[in-house]
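In what follows, a structure is listed as structure tokens, so that the remarks can point back to it.
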Amino acid sequence: MKKSRRRLVFGILAFLVFAGAVGAGGYYWYWFRNVPAEKQVFYGVIDKVYVRDDGTVTALDATKSKVIRKGITYPSTEAVGVLLQDETKFRTQNGKKLTAADLKAGQQIKATVSDSVIYEPYDTHWHCYKIVVLDPE
């Protein structure tokens with residue numbers, strides 16, 4: 001009788017540990033797949049636009065004048081890379097739609113980018129969601 005009771009207790013504990021692990025794994029899978037990265041906004045000037053041989057614009061370098069992250073403004077002059085994605089939206093300050101090909105060096109921009117970065121050996125890159133080209137003041 002004692003052996004069967006031990007097996008039952010061990011079986012219940014093993015099941016609870018397994019069910020907990022599956023539940024925790026499912027929670028983290030849902031969380032990381034469905035919760036978007038924090039977004040931040042930076043204002044800067046485009047230094048360089050990277051164009052492939054087929055004419056598609058893939059990225060740009062910009063000198064930041066300030067970054068707004070979680071409502072706090074951080075001034076900066078450090079240059080960063082911005083990776084354009086298929087879903088990146090381009091607009092003028094007045095709301096007119098643009099394309100990536102309309103981006104030129106010297107334009108002032110307001111970019112909404114992810115808070116997470118990709119570190120290259122010498123540079124930092126942010127994934128970009130939206131770029132607004134600002135009118136020169």
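The values are calculated or read from the model by the stated rules, or taken from the named source; none is laboratory data. Being a predicted model, the structure only gives us computed values, none of them experimental. Each accessible area value is taken on the protein alone, full model and side chains, heavy atoms only, with ligands, DNA and RNA left out. Shrake-Rupley method; radii C 1.70, N 1.55, O 1.52, S 1.80 Å.
Remarks
- Stretched out straight at 0.36 nm per residue, the stretch from Glu87 to Val45 would grow longer than its current Cα-Cα span by 13.0 nm.
- Exposure rank, largest accessible area first [Ser114, Ser76, Ser65; 1.4 Å]: Ser65, Ser76, Ser114
- Greater than 23 Å apart at Cα, pairs in Lys48/Lys70; Lys39/Lys110; Lys70/Lys96; Lys104/Lys130: Lys48/Lys70; Lys70/Lys96
- Near the amide H of Leu84, within less than 5 Å, lie the amide hydrogens of Ala59, Leu60, all on another chain or at least 5 residues away, with H placed in the peptide plane.
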